[in-house]
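Asker: This is the structure, below, for whatever I ask next.
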Amino acid sequence: MPHAPQHADVATAELDSVLQGGPFHVALRAAIAARGLPLQRVQHHLSRHGVKVGVTSLSYWQQGARRPQRPESLRAVRALEEILELPEESLIRLLAESGDSTSGLRSAARSYRSLVEASGVLDQLLAELDCPPDGGLHSLGHHERLRIGARRELAERESHHIVRAHRDGIDRFVAVHHGDRGAAPERMRVHALENCRTGRVRWHRDTGVLAAELLFDTRLRAGDTFLFRYGVEDGTAGVAREYVRGFDCPGGQYVLQVCFDPAALPVRCHRFAQHSAAAPRGACQGLALSGRHHSVHLVEPRVRAGFLGIGWDWE
């Protein structure tokens, strides 16, 4: 077997290269080849991680015929990184990147973290707050304002909601905040700013997820509209590079405004949209900073299911 080490070196070099530049299916195929695992063994290892994926699906993924999209599939990608001894988020990053290499968009790693890591955690937190999947409110309008601090961190987020109840007896809303990598939710502070008061607050340290109960001063009847406003002090994580908002179903108007500290201004900003977490980012449009208030914004008159966000580049 004199040529085996050389072959292994070539396979490893190829893997290192495609993990940097992708695309996802080529990187996955190279990783499986580098480890010398048949797909049946990969499937067996996934099952030991509590993830069920068929051999046919794995074959399609490494051929580029299909892309993992469902939450269970995204968990499988996470497990594959461990099984194939790959750097954390290497496959997730490639999967989330746009197929257009000239677009300049970064990966949707944060939204993937929300789907893959935090989905089960969030379900647990909502259960602790006795919050059903359907909170009984339909969004008519949502205005979010982010403040990026002098350390380039997500310092604060403020949300102004306009909602309509679609059943009787609604008297609260559960707000969810997901900090950037390294966030410490136990150090965050939730402020009820208008027409609500803060109730129970729960968090999960490893994923940076915080869920807070906002209590109304009235019980809404079906058809009633209501306005409320709250804020979350964050500032506990490192450098922020984007903010993504996911929508499970169509709704009303959405406005996202990002304000930057004068001491830390980005070199460029853009808005983007995604139909799903695994889909390429599209609708990319450059955004110019306002001269006086150092802010950018997007307005979506009527949101659809998917993701909207603003990203920015530092020097």
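Asker: Heavy atoms of the protein only, probe of 1.4 Å, neighbouring chains included. What is the accessible area of R145 in Å², nearest 10?
Answerer: 90 Å²
Asker: How much net charge surrounds R70 when only the other residues with a Cβ under 15 Å from the Cβ of R70 are counted, with Lys and Arg +1 and Asp and Glu -1?
Answerer: That works out to +3.
Asker: What percent antiparallel are the DSSP beta bridges of the chain, to the nearest 5?
Answerer: Once the DSSP bridges in the chain are tallied, antiparallel ones form about 90 percent.
Asker: When the label point is put 7 Å from the Cα of A150 along its Cα-to-beta-carbon vector, which residues of the range 242-271 have a backbone N closer than 15 Å?
Answerer: 260-265
Asker: Here's a follow-up. At 1.4 Å probe radius, can you tell me the per residue accessible area of the chain in Å²?
Answerer: Value for the chain: 50 Å² per residue.
Asker: Between H138 and L193, what is the FRET efficiency for a Förster distance of 22 Å, r being their Cβ-Cβ separation, to the nearest 0.05?
Answerer: Taking R0 as 22 Å, the efficiency between H138 and L193 is 0.55.
Asker: So how strong a dipole does the chain carry about its Cα centre when Lys and Arg Cβ are +1 and Asp and Glu Cβ are -1, to the nearest 20 debye?
Answerer: Charge dipole of the chain: 480 debye, to the nearest 20.
Asker: Could you sort D134, D171 by their accessible area in this structure, using a 1.4 Å probe and putting the largest first?
Answerer: D134, D171
Asker: Modelling each spin label as a point 7 Å along the Cα-to-Cβ direction, I'd like the H293/V267 distance in nm, to one decimal.
Answerer: Taking the two extended label points, one gets 2.7 nm.
Asker: Something else about it: Put a dot 7 Å past each Cα toward the Cβ at T218 and H49; how far apart are the dots in nm?
Answerer: Output for this residue pair reads 5.0 nm.
Asker: Report the calculated FRET efficiency for D313 and I162 (r = Cβ-Cβ distance, R0 = 25 Å), to the nearest 0.05.
Answerer: Step by step, r from the Cβ atoms, then E = 0.15.
Asker: Here's a follow-up. Within 13 Å, Cβ to Cβ, of G50, how many net charges do the neighbouring residues add up to if Lys/Arg are +1 and Asp/Glu are -1?
Answerer: +2
Asker: Using a 1.4 Å probe on the protein heavy atoms, what percent of the accessible area of the chain belongs to carbon and sulfur?
Answerer: 49 percent
Asker: Moving to a separate point now. Of T56, T207, which has the most accessible area and how do the rest follow, probe 1.4 Å?
Answerer: Ranked list, largest accessible area first: T56, T207.
The values are calculated or read from the model by the stated rules, or taken from the named source; none is laboratory data. Here the structure is a predicted model, which is why all the values come from computation and not from measurement. Every residue, glycine as well, gets a Cβ built from its backbone with ideal geometry; the counts of neighbours run over all protein chains shown. Note: accessible area is taken over every heavy atom of the protein model, side chains too, but ligands, DNA and RNA are not part of it. Shrake-Rupley method; radii C 1.70, N 1.55, O 1.52, S 1.80 Å.
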